[in-house]
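Right, one structure below, let's go through it.
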Amino acid sequence: MKAWRIILAIAGISLGLFGVFRLVTEIPAHNLLVLALWMLAALAIHDGVLSPAVVTVSSALRRHVPDRGRRYLQIALIMGALITVIAIPMIFLRGSQPAAKALLLRNYGANLSLLIGIIAVITLSLYAVRVARDRPPPSAHGTQTAATKE
């Protein structure tokens, strides 16, 4: 196992260095500066907005949602957030490009709503299966009363 970790570490470091080499040798300096600013902005948004929002939502879920349902809700929220982060730029840029760039001509708002709905249905279905499995099986002779248990 330790040899695999070393091999994977060497491969990862090598690929990272190759990527940096390609950036420095093939991308103009102005574009590298724009990329660096974009990465700093992404870091600031992540650390200043997204991380506190995740902590706030997590603490609210811990207080208000039972343990059994919380894990399903957390998974659905994570998947919905990831899809939303990808879709938001495309929603705002819709129609800003010529027809040759058909990627931005789609209705990403409707598609985002559809995907979030699918996530909700699947999550609720999985939760319902979990609730059904956790229910005690009915007794063979119907419900037992206190008199029949003795």
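Tell me, yes or no, whether segment 100-121 has at least one residue that is more than 27 Å from Val49 (Cβ to Cβ), β-branched (Val, Ile, Thr), over 15 Å from the mean Cα position of the chain (by Cα) and at pLDDT 85 or above. Yes - at least one qualifying residue is present in segment 100-121. Of the helices (runs of 4 or more DSSP H) lying entirely inside segment 1-96, those carrying at least 1 residues that are aromatic (Phe, Trp, Tyr), out of contact with any Ser or Thr (no Cβ under 8 Å at 6 or more places or on another chain) and closer than 30 Å to Ile118 by Cα are 67-93.
The values are calculated or read from the model by the stated rules, or taken from the named source; none is laboratory data. What you see is a predicted model, and the numbers here were worked out from it, not measured in a lab. In this analysis, Cβ positions are derived from the backbone assuming ideal geometry, glycine residues included, and neighbour counts consider all displayed protein chains.
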